[in-house]
Structure formats: C-alpha cells, structure tokens
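Trainee: What follows is a structure written as structure tokens; I'll ask about it next.
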Amino acid sequence: MSHTPPKDHAGAKLGMWLFLFTELLLFGGLFLLYGAYFARYPREFAAAGREMHLGFGTVNTIILITSSLMAAMAVTAIQRSGRRLAVYLLGGTVLCGAIFLFNKYLEWSAEFSRGIYPGSPLLATVPPGESVFYSLYYVTVGLHGLHVLIGGALLTVVAVRVGRGTIHVGDFAWLENGALYWHLVDLVWIFIFPLYYLVL
Amino acid sequence: MSSERADNHIIGYGTLTAVWVALLVLTALTVWVSRHTPGIGHVWGSLAIAAAKGGLVIAFFMHMRYEGRLLRWLLFLALVTLVIFIGLTFFDVLYR
C-alpha cells in the first residue's frame, strides 16, 4: 500500500493544455492587432520593419529552437530514467533562455540608443503607422520575453526537483508541463520572427 | 512507492533531432524566401513556413501526435476559435 496520494497525470496535462490554449489566444490577439494595422498601414509597417535587426532575430530563433529540442529530450531522458542527463538538458535549456534574453538586451539597447522606444520624442514625429508598429513590437516581444523569464525560472525549479529525485520516471508531470510551457514560448517566437523581422 | 505511467509514449532522441534539423532548414528557408520573393507572395510564404514549423513543434516536441482524442479535439477547437476571430476581423477590415 502506498501512502502517497494517487496522481492524475492525464488530468495534469489536460490542465496545462487548457492554460496553453489561453496563451495561444492571448498572443493570437496581438497577432490579430498586427494584421489589422498592417492592412491599414502597409507602407509604414514596411518602413519600420526594415529597421529591425534580422541578425538578432535569426540567432534568437536558432537558440530557441535548440532550447526546445533540449527540453523535449529532457522528457525522453526522464522517461528512460536518465535523471542526470535530464538535469543537464534542462540546464542547457535555461542557459539558452538566458542567452536569448541577453541578445534581447543588446538588441533593445541598440534600438533605444537610436531613439526607438515607447513614447520617445523620435516616434512622436514619425508617421502614425510606424509608431503603431513599434508599440506592437515592444508589447508582443516584451510579453514574450516575460514568458521566457517565467519559463526559465520554472525549468530551473524542475531541474532542481529532478536532481533531488522528487521528479522521476514514475512521476514527471512537472517536467512534462514545464517543457510544454517552454515549447509554447518557442511556438510564439516562430510566429513573431517572420511577422516582425522578415515579412516587411 | 511509485507506479509506472500507463500513458507513456517515449519519443526517441533521433526523431527529436530530425525535427530540430527540419526546423533549422525551415528557418533558413524562411529567411531566404523573405529576401528573394517579390511582392505580397513572401507574406503568405513566410506565414506558411511558420505554420509548418509550429505544426512540427506541436506534433513532436509537445507530443500532440501521440495524444488521445480529447487533447487533439481541444487543440482543434482552440485553433478554430482563433481562425474565426482573425477571419471575421479581416472580413470587416478588408471590405469596409
């Protein structure tokens, strides 16, 4: 007889997915705003989009895709009882997240220094469509960055729990759901990248 | 005491790595398309490639390919909701 309460893994995963659907609709709403304003100001969006740093966007895309691979591998590792490997893979994921945010810091610093930031005197003088583009850019990418921060913190907790053995082959709902959250962060970036860095 | 999970499906490292390679190739392709396709074509091209990448992430990294009917239908419902929102908004925005 076991004294630990029974766990409902399917229920835990279902709950996580329901939460992820609300996240999809949250970012979907921001993409919808982008689309509606793009239809209204195509030329201004094109002019503003050319100011984006394609290099930063591409490198960060590769970093996030790689971090997502390691998160998915960590789930496979724990399923095969490879606890130590799972901890290393989660560490790699969190490290990639940190590099992503550091790149974001460099990118935003470069943009701020050119006078592109919400409410800046420069943006008060440009055509309205361009300032809308930058506002949407900072809101969407900023909210995504917040998700990277939360996901990184969550996966750090998960890695510690895997290391302690609280998360193991018989009960890894925490790891599975943490990885799902991280994949959502990757998924959202997959759409941010073309919309803000490439399309225009 | 811990019991093994019944719903376990393990995705091998090889499959995951293959998906990763595909994602990198699609990323290179989307950058190339944005630089070499004139006109409105690259907007739809970029979005189609992003949708393909998103599908790979959901199907393999997020295990959706191996989930049961409930989660698949819920995902479908969420995406249909999003499509209805976007479709109806553009129906208004484009034909005013």
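Trainee: Just need the relative contact order of chain A here, percent rounded to a whole number, with Cα pairs under 8 Å and 6+ apart. Intermediate results must be reported in sequence, preceding the final value.
Mentor: Numbers: 180 pairs, mean separation 68.8, N = 200.
Dividing the mean separation by the residue count of chain A yields 34 percent.
Trainee: Over the alpha-carbon set of chain A, divide Rg by the Kirkwood Rh and report the Rg/Rh ratio to two decimals.
Mentor: Working: Rg = 19.6 Å, Rh = 18.4 Å.
Expressed as Rg/Rh, it is 1.07.
Trainee: Sort chain B into rounded, prolate or oblate with this rule: let a ≥ b ≥ c be the square roots of the eigenvalues of the Cα gyration tensor; rounded if a/c is under 1.5, and if a/c is not under 1.5, prolate when a/b is larger than b/c, oblate otherwise. Let's see the in-between values first.
Mentor: Working: a/c = 5.46, a/b = 1.45, b/c = 3.76.
Verdict is oblate for chain B.
Trainee: Here's another thing I want to ask about it. Any chance you could tell me what percent of the C-alpha pair distances in region A:75-182 go past 25 Å?
Mentor: Details: 2333 of 5778 pairs.
Cα-Cα pairs of region A:75-182 separated by over 25 Å account for 40 percent.
Trainee: In terms of the Cα gyration tensor, with a ≥ b ≥ c the square roots of its eigenvalues, is region B:11-62 rounded because a/c is under 1.5, prolate because a/b exceeds b/c, or oblate?
Mentor: Details: a/c = 6.01, a/b = 2.28, b/c = 2.63.
In terms of gyration-tensor shape, oblate.
Trainee: If packing is taken as the mean number of other Cβ atoms within 10 Å per residue, what is the order of B:70-77, A:54-61, highest first?
Mentor: Details: B:70-77: 13.2, A:54-61: 18.0.
Descending packing order for the listed peptides: A:54-61, B:70-77.
Quick note: the coordinates plus some simple rules give every number you see, no bench work behind them. Note that the structure is predicted; figures quoted are calculated from it, not measured. Ideal geometry is used to build each Cβ from the backbone, glycine not excepted, and the neighbour counts take in all protein chains shown.
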